[in-house]
Amino acid sequence: MTTVYFDGGPRLFPKVSQCLICQHRIEAHTCRAYPQGIPERIYDNALDHREAQAGDSGLRYQFDAARAEAWHASLSLPA
């Protein structure tokens, strides 16, 4: 489990790609930083995209609370 912090406090999540809850995500495996496809090592969290990564055009991971809440709700986990 991974602890993700929201304004309301921490919640536990199964391991999740940083990309799924990033405000730059477009769909499945694309985003504004990587419109041709997110590199596997970033998608798999092997590289931290809060730091500069090759080819990201200066865009970094930005937490999106609405995406995280929607993802959490889709899991049907207790609050």
**Q.** Phi to ³J(HN,Hα) by Karplus 6.51 cos²θ - 1.76 cosθ + 1.60 over segment 39-46, Hz, x for Gly, Pro
**A.** x, 3, 5, 7, 4, 8, 6, 6
**Q.** Fewest-first ranking of 57, 17, using other Cβ atoms within 10 Å as the exposure measure
**A.** 57, 17
Q) Using a Förster distance of 25 Å, how high is the FRET efficiency between residue 23 and residue 54, based on the Cβ-Cβ distance and rounded to 0.05? A) 0.75
**Q.** Virtual spin-label span in nm between residue 16 and residue 73, 7 Å along Cα→Cβ
**A.** 1.3
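Readers should treat all values here as calculations from the given coordinates under stated rules, not as data from a laboratory. Just so it is clear, the model here is predicted, and its values are computed rather than measured. All Cβ positions, glycine included, derive from the backbone under ideal geometry; neighbour counts span all protein chains shown.
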